[in-house]
């Protein structure tokens, strides 16, 4: 076989492999995760390569900056002592559904909980009595020009066993968001 | 022969422009995010298109269409990058600067694989551009995560290390007589010229070490990784080329000289730290409770925050009546509704035509003096060249050194180009020389504004540029003739 074609096959194998691994990594929580519905406060910007999206601020996106210290089991550290969060810290937020089916924060810890539903986040900012947490699900992309009611928005997410979350769908008043799309034209 | 070469280059150029246009068109289609196509089908279409484009490019190249084939492989690399962003769009991954940097890094790895596997110089250039923008975004992402508390001078050092890495890679490829050796060489020169050019701006120099030398963990790790990568690559390149007699002491010393000069210059800009910037008054929101009480003439604690004293902070009719008399506040109902009582149907505003609280800015006298500014609680320091254009003697000295480094880099490029018969490098050096002249000319206009001064500068500048243009053309011809003779 022509060496250029052999390289082509190997090269394509590597490139498609990169895309497949990337897609699988991102898709894993959707395939294997548990479901939770989160309360939000959205706003609406634009990404030049990925298009229009909403930035979603979650109710669990701000927590008190002092949390319960959860040392590893092997540690002899004092379990009762609280720790103060700083930017870049990893936190695990335990969640429990309320009567309306919204997952609410029950506990924040520095170590991965051994049971129950929890989501992993990174401390983005600490200011005054609040710490902002990023869970990697703060954006949702949609068709350019599409409109929908952003009031009382919730997000249904899937969270895998490591606490990594992906957005499954947007909800409005508990039902799938009704997107209004513009008619297709060359000016679209 | 010359005409044929020209035609081939032209066909290559239009093919590359075509590839770029298609990639931009597809990027916009992706950004449009058409809901009618299911996500998995979008991925299938784009990944299929990427693979098909690579196959088409390689097949065309193997069938005596190397230029168009090369342009189509470049399109494939652009589509690979877009595929990464499409997958990220579908899974709604992080849209922050860190998220963008992650996607750029993944794209870069794929494009680099394509460049080597499919022997595509254009893909290599795309990959190098992607890694350059990744470095910038990654640094900004670290800055963002630490509330912008670290000096951008570290970004300059990171870019310098990347320049060293590129030079090392060019040597490694020279050792192996790799087809990319000349591309790395040209890219290294173009990169270092651009880098020196950017550093030569007065506006930028006082900003580089605005927050001192404190280093964040992320930036530090990046600095160490890039330093090790650069040292390893340069060492391998120098050993390889020395063994092969493909490098001499003159080149090694020149390279070392320019990297040391750039490094020293970056550190030298620290002399300007705290000498250029605005000293402005803090807003009441930035005060602690105690500071708020001390600034009671224009601030007040309200709704658990220190707020600017004005009628608008009183949200209902009864609150409005408790406002300090000097504000002359009165409650206004929307649409003349006198009985309006809350901020949903009225607002509290001043009846005074002039501003009730006149304040004299106590901080601006400390512009361009960070030490005096920051010791005052009520003042905020913002590093900013435009805070005042009175550049100090040190400022001029650093600026002159920066321009000498740029000039040195230009001369090095021209010298290397003529010595090794490389017209591309000669053209590059001449282009940057012309760019430097034009930029500094505009800079002088901005510094020495005024009717008479401007008039003289324009006339003088016009004559210099005309003469300079003629001399540049003559110089370029003579340099190219020299490279031709060799």
So, residue B:153, is that one surrounded by fewer than 20 Cβ atoms within 10 Å (Cβ to Cβ) and either within 13 Å of the chain's Cα centre (by Cα) or farther than 30 Å from residue B:245 by Cα (or both) or not? no
With respect to the numbered conditions (1) without any contact (Cβ under 8 Å) to a residue 24 or more places away in the chain; (2) in contact with a helix residue (DSSP H, G or I) (Cβ under 8 Å, 6 or more places away or on another chain); (3) not assigned by TED's automatic domain parsing to the domain that holds residue B:411, which one is the sole condition not fulfilled by residue B:323? (1)
Under 6 Å by Cβ, and 6 or more places apart or on different chains, what pairs join a residue from segment B:460-473 that is surrounded by 12 or more Cβ atoms within 10 Å (Cβ to Cβ) with one that is not in a helix (DSSP H, G or I)? none
Going by the structure shown, is residue B:285 in a helix (DSSP H, G or I), in contact with a strand residue (DSSP E or B) (Cβ under 8 Å, 6 or more places away or on another chain), over 29 Å from residue A:87 (Cα atoms) and at pLDDT below 85? no
Within segment B:57-75, is there a residue that is within 7 Å of chain A (Cβ to nearest Cβ) and modelled with pLDDT under 90? yes
Residue that is farthest from residue B:405 (Cα to Cα) [pool: residues in segment B:213-257 that are loosely packed, with under 13 Cβ neighbours inside 10 Å and within 14 Å of chain A (Cβ to nearest Cβ)]: B:217
Does segment B:265-273 contain at least one residue that is assigned to a loop (DSSP other than H, G, I, E, B), under 26 Å from the mean Cα position of the chain (by Cα) and not assigned by TED's automatic domain parsing to the domain that holds residue B:138? yes
Would you pick out the residues in segment B:42-69 that are in contact (Cβ under 8 Å) with a residue 40 or more places away in the chain and buried (at least 24 other Cβ atoms within 10 Å of the Cβ)? B:54, B:57, B:58
Assuming residue A:4 fulfils every condition listed in (1) within 9 Å of chain B (Cβ to nearest Cβ); (2) modelled with pLDDT of 85 or more; (3) more than 25 Å from the chain's Cα centre (by Cα) apart from one, which condition is it? (2)
Considering every residue within segment B:335-353, establish whether at least one is assigned to a helix (DSSP H, G or I) and either in the same structural domain as residue B:209 (by TED's automatic domain parsing) or modelled with pLDDT of 70 or more (or both). no
Take segment B:99-149 and flag every residue that is closer than 27 Å to residue B:216 by Cβ and at the interface with chain A (Cβ under 9 Å from one of its Cβ atoms). B:99, B:100, B:103, B:106, B:109, B:144, B:145, B:146, B:147
For residue B:15, all conditions in the list (1) free of Cβ contacts under 8 Å to residues at least 40 places away in the same chain; (2) more than 13 Å from chain A (Cβ to nearest Cβ) hold save one; what is the number of the exception? (1)
Pairing a residue in segment A:8-24 that is more than 7 Å from chain B (Cβ to nearest Cβ) with any residue that is part of a helix (DSSP H, G or I) and exposed (fewer than 13 other Cβ atoms within 10 Å of the Cβ), where Cβ atoms lie under 9 Å and the two sit 6 or more apart in sequence or on different chains, gives A:24/A:31
Got at least one residue in segment B:83-105 being over 27 Å from residue A:13 (Cα atoms), touching a residue at least 40 places away in the same chain (Cβ under 8 Å) and in a helix (DSSP H, G or I)? yes
Matching residues, segment B:393-427, being under 30 Å from residue B:272 (Cβ atoms) and over 26 Å from the mean Cα position of the chain (by Cα): B:393
Go through segment B:423-447 and report how many residues are under 15 Å from residue B:201 (Cβ atoms) and in contact (Cβ under 8 Å) with a residue 40 or more places away in the chain. 6
If I filter segment B:177-185 for residues that are within 14 Å of chain A (Cβ to nearest Cβ), touching a residue at least 40 places away in the same chain (Cβ under 8 Å), outside any helix (DSSP H, G or I) and crowded, with 20+ Cβ neighbours inside 10 Å, do I get at least one hit? no
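Tell me yes or no: at least one residue of segment B:28-45 is at positive phi, in contact with a helix residue (DSSP H, G or I) (Cβ under 9 Å, 6 or more places away or on another chain) and in a loop (DSSP other than H, G, I, E, B). Break it down stepwise before answering.
Here is the first cut: in segment B:28-45, the residues at positive phi are B:33.
With the extra rule that they be in contact with a helix residue (DSSP H, G or I) (Cβ under 9 Å, 6 or more places away or on another chain), the set shrinks to B:33.
Next, from what is left, pick out any that are in a loop (DSSP other than H, G, I, E, B): B:33.
Scanning segment B:28-45 turns up at least one residue that is at positive phi, in contact with a helix residue (DSSP H, G or I) (Cβ under 9 Å, 6 or more places away or on another chain) and in a loop (DSSP other than H, G, I, E, B).
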Of (1) in a helix (DSSP H, G or I); (2) touching a strand residue (DSSP E or B) at 6+ places or on another chain (Cβ under 6 Å), residue B:382 fails just (1)
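Identify, from the list B:290, B:210, B:294, B:270, the residue that is modelled with pLDDT under 85 and either under 23 Å from residue B:395 (Cβ atoms) or surrounded by 19 or more Cβ atoms within 10 Å (Cβ to Cβ) (or both).
Details: B:290 fails: either under 23 Å from residue B:395 (Cβ atoms) or surrounded by 19 or more Cβ atoms within 10 Å (Cβ to Cβ) (or both); B:294 fails: either under 23 Å from residue B:395 (Cβ atoms) or surrounded by 19 or more Cβ atoms within 10 Å (Cβ to Cβ) (or both); B:270 fails: modelled with pLDDT under 85.
Step by step, each of B:290, B:210, B:294, B:270 is checked, and only B:210 is modelled with pLDDT under 85 and either under 23 Å from residue B:395 (Cβ atoms) or surrounded by 19 or more Cβ atoms within 10 Å (Cβ to Cβ) (or both).
The values are calculated or read from the model by the stated rules, or taken from the named source; none is laboratory data. On a predicted model such as this, the values are computed, not experimentally measured, just so you know. Every residue, glycine as well, gets a Cβ built from its backbone with ideal geometry; the counts of neighbours run over all protein chains shown.
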